[in-house]
Amino acid sequence: MVAKALSVTGGQMQTVAVGWHVYEITRRPLDLGLVGLAQFVPAAALSLVAGHAADRFDRRRILLAFHLGMVFASLALFAIARSGTPSILPIYGVAMMLGVLRTFAGPANQSLLPHLVPAELFPSAVGWSSSVWQIAAIVGPALGGLIYGLGKGHAHAAALVYAAAGALSLAAFVAIAAMRLRIGRMEQRAMSWATVLAGVRFVFREKIVLGSISLDLFAVLFGGAVALLPVYARDILHVGPTGLGLLRSAPALGAATVAVTLAYRPLGRRLGPILFASVAVFGLATIVFGLSRSFLLSLLALFVLGAADMISVVIRQLLVQLATPPSMRGRVSAVNLVFVGASNELGEFESGATAALLGVVPAVVVGGVATCLVVALWSALFPGLRTLDAVPKPAEDPPASGTRA
């Protein structure tokens with residue numbers, strides 16, 4: 001939990017600095033979207049391999065490599081900012097590096113939690129884990145925006161943020177190194193296309209899992225207003241980099257509020273209806289934010305957006321982790337993270353591209369409307385998910401038979 005708090009805080013600080021840094025150089029919304037695309041491409045290309053790695057190698061060591069890589073990524077961004085180069089191509093290069101690192105860390109991180117707590121406490125553990133993430137996601141953007149704002153928005157101010165983010169990643173590395181947990185190898189069969197693709201086959205076979213992660217994919221893909229926050233902060237709400245940090249913190253504050261609530265009072269019944277209602281609220285909050293010209297109303301809309309999104313995140317994590325046998329959790333988590341990455345990073349690109357074509361405000365509003373339409377369509381395509389009631393029982397691996405390859 002300590003490592004997660006440190007890592008997420010630094011990562012969110014860095015995200016704020018990168019967004020403002022890029023938009024300060026080019027003033028083009030499309031370039032903000034391309035930052036997301038640069039992170040999504042390696043995720044799409046390497047996710048299945050990353051999931052197999054999480055099941056085959058020690059997940060703790062994978063996380064150690066991730067945090068060390070994040071330190072080097074922050075140092076690279078620090079050097080770029082200090083150089084004062086007007087080119088954003090080096091930033092895209094580091095963004096791709098970040099995409100690779102997160103692709104391998106995601107399955108290892110998600111599949112580690114079920115090994116740390118008993119099955120009966122897992123719903124509450126998901127809530128606490130999400131709470132830590134979201135609290136860090138509140139502090140990170142606000143702190144990043146504050147540091148950037150103190151530097152008056154110049155590129156060297158971005159360097160300060162990058163240096164702080166690198167220090168937090170190094171501290172997270174130390175925290176993971178102090179862990180004594182050893183998971184070892186879960187997948188015993190030799191690597192083959194069959195074992196690599198096992199997670200994909202599982203997801204498409206389990207319709208409730210497929211429905212939950214694909215609903216999140218298309219809802220956030222169309223409702224990705226967060227990618228355009230630098231434009232809103234600078235040109236629409238006129239609140240500067242400090243205001244940008246607060247805008248980025250508002251969804252996390254809403255999400256953290258819900259996460260803490262669900263940690264104390266875990267969801268137990270009517271999961272399906274609650275899931276669909278939360279995604280619909282996410283779409284409506286996106287529309288309100290898109291139309292708002294008030295900083296306070298925009299903060300409130302983002303707060304509601306984050307709160308609604310956290311409900312769907314917790315339900316999806318429950319379904320994915322509990323419905324998956326332990327030996328496949330890395331690969332299924334990788335498939336899940338492809339969907340999540342597509343909804344986040346590819347959603348950023350979609351938002352930037354749509355804003356370039358339609359304008360910033362129409363792009364956000366149309367995205368919110370599309371999210372609501374996705375909810376209606378998915379409720380018809382996945383009736384089993386729509387009517388799902390109780391938390392599923394944890395899946396188990398089938399008993400071993402024969403010799404192992």
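Table for the structure above
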quantity	calculated
Residues Tyr92, Tyr23, Tyr148 arranged by fewest to most Cβ contacts within 10 Å	Tyr92, Tyr23, Tyr148
Length released on extending from Ala356 to Leu373, taking residue separation times 0.36 nm less the Cα-Cα span	3.8 nm
Inter-probe distance in nm under a simple model that places probes 7 Å from Cα toward Cβ, at Ser294 and Val49	5.1
Stretchable slack from Leu197 to Leu146, in nm (0.36 nm times residue separation minus alpha-carbon distance)	13.9 nm
Fewest-first ranking of Thr26, Thr103, Thr387, using other Cβ atoms within 10 Å as the exposure measure	Thr387, Thr26, Thr103
Environment charge at Met310 (Cβ cut-off 13 Å; Lys +1, Arg +1, Asp -1, Glu -1)	-1
Ranked Lys207, Lys4, criterion: other C-beta atoms within 10 Å, fewest first	Lys207, Lys4
Ala277-Ala178 FRET efficiency (beta carbon distance; Förster radius 56 Å; 0.05 resolution)	0.85
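Throughout, read-outs are computed from the coordinates displayed, never taken from laboratory work. All values derive from a computational prediction rather than experimental measurement. Note: ideal-geometry Cβ built from the backbone for every residue, glycine included; neighbour counts use all protein chains shown.
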